[in-house]
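**Student:** Submitted below is the structure of interest, expressed as structure tokens.
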Amino acid sequence: MDDDLTASPCPPPAYSTLHTPSLPPLGSIPSHPTKAPTAVAAPGHAMAMARAAVDVEDLLVRVKTGAEADLAAAAREVAALAANGRLGEDDDEDGLLVAALLARLAAAAATADARVSVMAALRRLAGCVAGESKERLASTEALSSIVRSLSRDADERREAIAVLLDLSDIPQVRQRIGRIKGCVVMLVTLRNAHEPGTGDDADKLLAILSSNPQNVLLMAEAGYFRPLIQYLKQGSDMNKVLMATAISKMFLSEHMKSSLGEDGAIEPLVDMFKHGNLEAKHSALGALCNLSSSLQNAELLINSGITGPLLQLLFSVTSALMALREPASAILAAIAQSERILLHKDVAPQMLSLLNLSSPVIQLHLLRALNSISGHANAKRARSKIRQNGGVQLLLPFLTEKNVGIKIAALHLMFHLSKDSSQELAEQFRETHLDIFVKIISSPTSRDEKAAAVGILSNLPATDKKATEILMRANLLPILITLFEANMAAAVTPQRMWLLEGIAGVFIRFTVTWDRKLQSSAVGHGVVPCLVKLLSEGSVDAKSKAATSLAQLSQSTMALRKSKTPRWLCVPPSAESYCTVHSCQCTVKSTFCLVKAGAVHPLVQTLEGEERGADGAALEALGTLMEDEVWENGSRVIERASGIHALLRIAEAGEPSSQDKAIWMLERMFRLEAHRERYGEIAQALLIDLAQKGDPALKPMIGKILAHLELLQTQSSYF
């Protein structure tokens with residue numbers, strides 16, 4: 001017989017926090033009516049006399065054949081007898097009582113009350129029997145019956161955990177429990193539920209089961225990682241590798257990744273990578289690769305000092321370490337998502353120097369890492385360092401790369417590098433490069449690829465006339481308008497937003513004030529309706545760029561009005577084409593008129609929005625209708641579009657430059673008596689408050705408005 005299954009004394013259960021269901025006094029326990037107790041007492045032996053009063057055969061019959069109520073009562077008697085030391089292995093040498101109790105427990109018809117009582121009896125017997133009885137209790141079949149009760153009601157769950165806990169001192173039982181399908185998952189669920197009477201026992205049982213590494217892996221798959229982390233910290237080298245390998249292969253939700261990081265998995269894995277043998281390094285990198293996509297873990301990894309060793313590995317030419325370079329580069333790409341990477345100032349140049357020395361997979365990871373670094377809000381210095389190290393020249397060959405992923409990543413990086421050094425970038429682009437960008441935009445490539453190419457072109461300086469000529473020859477303008485129309489109807493995605501912002505940025509190049517021929521070409525191709533649509537449906541950045549283009553076009557309207565005024569007319573001008581602001585025949589194509597373009601109301605709506613990023617450009621566009629020659633009619637058009645309310649709002653809460661422009665416009669609008677009568681009372685409190693508490697530079701203009709409202713004399717010191 002296995003030593004682990006030998007009998008032991010009959011103490012109370014070692015681990016359970018439970019109490020056996022209330023039992024009747026032993027003297028009142030009834031005997032089976034058809035059987036009399038068999039006395040087998042030996043003189044002088046009190047314990048033997050006490051045991052002589054137990055009729056095991058009677059209990060066995062009642063357990064086997066009794067109805068549910070009688071089964072429950074018999075099971076309670078067994079529990080009470082065993083608890084008081086009156087029922088042991090000598091009374092059930094063949095283990096028939098244990099077998100009968102297990103059979104009834106497994107029966108589908110047993111009630112919850114009967115199952116609870118049976119498990120209570122088994123729990124008491126577990127400490128008093130050995131031999132065949134102990135083997136039956138420890139069998140997979142018996143344990144499976146008990147495990148099924150873990151998913152039932154609270155009393156049954158509590159008793160089931162208690163039985164398993166009392167049996168868990170047997171090594172075979174610990175192995176078998178872990179192999180029973182769903183057992184570890186249910187125990188983890190009960191532990192996490194913190195249910196009184198079961199949570200603590202489930203936690204204790206899991207702690208006992210964690211002596212088996214396979215059980216620990218099952219716990220981790222169920223989302224309970226504490227035992228696994230303990231193995232990573234204190235286990236043998238073999239078990240550390242086992243746990244790390246398991247993490248590398250698990251499907252982990254973001255919450256699970258964060259939990260592993262919070263509970264301390266990162267530090268031992270980094271230690272394995274730095275100091276372990278080749279197998280340990282490989283398994284640790286695989287695990288870290290799986291965990292590093294969590295931003296929280298990325299910061300932990302950066303703080304752990306892993307960045308330098310990862311780069312050293314990528315520079316290594318040792319053949320044994322070559323297989324580790326791909327996961328190392330993937331981890332770098334992941335941790336670069338954290339802005340803390342900017343603290344390591346030499347990381348980006350080192351990655352850049354590795355680009356042409358790496359396989360396509362590693363190249364892609366490095367490009368993604370560089371993209372994340374250069375895309376951070378405070379990455380201006382990092383971008384400058386990449387450019388100084390020849391980043392743009394290194395990226396240009398990737399424009400014709402056949403690997404689409406690498407090509408897109410290179411385009412994205414080039415876009416980031418173009419943000420704050422457009423002139424420097426433009427000087428490195430030849431006509432062939434600009435033609436490649438146009439080809440990407442016009443080809444059936446992904447929206448992501450098009451957006452990056454358009455974004456790069458939008459960041460080139462609009463003053464670069466040579467680049468404009470090349471792009472005009474490549475027919476970029478009609479290509480962009482077609483692309484714009486296709487994407488305005490598409491579903492809203494970040495890529496669509498980025499693409500439209502880029503298109504709006506390129507339109508600024510084709511509407512510059514110093515080239516009316518270029519403006520006329522842009523308007524002729526249909527750029528104005530696109531700009532007006534962007535005011536209504538674009539992001540705040542797209543609205544700002546669209547308003548800038550409209551302002552540039554509108555600045556040419558007065559000159560075009562004068563140049564196109566006929567000396568005599570054979571046919572009277574139509575009322576439809578007559579513009580009340582410019583007092584002439586205006587059309588979008590002939591004079592680029594904002595009023596005829598239907599842009600006034602969308603521009604005012606932009607000022608009424610919650611975001612303030614487009615205020616300056618929208619005010620510049622509306623301000624063209626308030627110039628000296630047209631301000632009176634222009635103010636009426638803006639007022640009819642609810643513009644005065646919008647201007648007052650900007651005067652109160654806008655950026656300083658926007659406040660200045662809004663107050664300049666309000667001063668002109670309040671020169672008109674109709675506007676003073678309608679809005680004077682609304683405006684005066686705000687204007688007085690601004691005069692007292694606002695920017696002192698605004699006081700003179702505010703004073704003029706207050707004078708128009710007859711709240712201040714024109715001789716006031718405000719002027």
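Read the figures in this text as sums done on the coordinates, not as results from a lab. Everything quoted here is computed from the prediction, not taken from an experiment. Backbone-built Cβ (ideal geometry, glycine too); neighbour counts: all protein chains shown.
**Student:** At a Förster radius of 60 Å, what calculated FRET efficiency corresponds to the Cβ-Cβ distance of Ser211 and Glu655, to the nearest 0.05?
**Tutor:** 0.40
**Student:** Helix 325-335: angle to the longest alpha-carbon principal axis of the chain, degrees 0 to 90, nearest 10?
**Tutor:** So the inclination is approximately 70 degrees.
**Student:** Which label marks the calculated value of Cα Rg over 2.2 N^0.38 Å, given the options (1) 1.34; (2) 1.54; (3) 1.12?
**Tutor:** (2)
**Student:** If you don't mind, another one. Normalising by the residue count of segment 578-708, find the relative contact order in percent from Cα pairs under 8 Å and 6+ residues apart.
**Tutor:** Normalised by residue count, the contact order of segment 578-708 is 19 percent.
**Student:** For Gln684 and Ser139 in the same chain, what is the full-extension length gain: residue separation times 0.36 nm, less their Cα-Cα distance, in nm?
**Tutor:** This chain segment gains 187.2 nm when fully extended.
**Student:** Could you list Lys134, Lys385 so that the one with the fewest beta carbons within 10 Å of its beta carbon is first and the one with the most is last?
**Tutor:** The order, fewest Cβ neighbours first, is Lys385, Lys134.
**Student:** On a C-alpha basis, how far is the centre of segment 308-368 from the centre of segment 149-178 in Å? Whole number, if you could?
**Tutor:** Answer, in whole Å: 49.
**Student:** By its C-alpha gyration tensor, with a ≥ b ≥ c as the square roots of the eigenvalues, how is segment 319-358 shaped: rounded for a/c under 1.5, else prolate for a/b larger than b/c, else oblate?
**Tutor:** oblate
**Student:** Before anything else, pin down the relative contact order of the chain: Cα pairs under 8 Å, at least 6 apart, normalised by residue count, whole percent. Please report the intermediate quantities before stating the final value.
**Tutor:** Working: 973 pairs, mean separation 37.7, N = 719.
Taking the mean separation of contacting Cα pairs over the length of the chain, I get 5 percent.
**Student:** Okay, next question. Based on the Cβ-Cβ distance from Gln172 to Phe251, what FRET efficiency comes out when R0 is 41 Å, to the nearest 0.05?
**Tutor:** 0.85
**Student:** Quick one: Thr111, Thr318, fewest Cβ neighbours within 10 Å first, how do they rank?
**Tutor:** By the 10 Å Cβ count, ascending: Thr318, Thr111.
**Student:** To test your reading of the geometry: what angle, between 0 and 90 degrees and rounded to tens, separates the Cα axis of helix 404-417 from the longest principal axis of the chain?
**Tutor:** 60 degrees
**Student:** Which distance in nm do the two modelled labels at Thr463 and Tyr578 give, with both placed 7 Å along the Cα-to-Cβ direction?
**Tutor:** Between Thr463 and Tyr578, the simple spin-label model gives 4.4 nm.
**Student:** Could you tell me the center-to-center distance, by alpha carbons, between segment 501-556 and segment 418-488 in angstrom?
**Tutor:** 15 Å
**Student:** Suppose only helical runs count, i.e. DSSP H with n ≥ 4. What mean residue ellipticity at 222 nm does that imply for the chain under -39500 (n - 2.57) per run, divided by all residues and rounded to the nearest 500 deg cm²/dmol?
**Tutor:** Numbers: 44 runs with 469 residues, N = 719.
So the helix-based figure for the chain works out to -19500 deg cm²/dmol.
**Student:** Kindly state, to the nearest 0.05, the FRET efficiency for Glu424 paired with Asn192, given R0 = 51 Å and r defined as their beta-carbon distance.
**Tutor:** 0.35
**Student:** Percentage of Cα-Cα pair distances in segment 578-708 greater than 18 Å, rounded to whole percent?
**Tutor:** Summing the P(r) of segment 578-708 above 18 Å gives 51 percent of all pairs.
**Student:** Multiplying the sequence separation of Asp346 and Val185 by 0.36 nm and subtracting their Cα-Cα distance, what value in nm do you get?
**Tutor:** Working: separation 161, 0.36 × 161 = 57.96 nm, distance 4.63 nm.
Gain in length upon complete extension: 53.3 nm.
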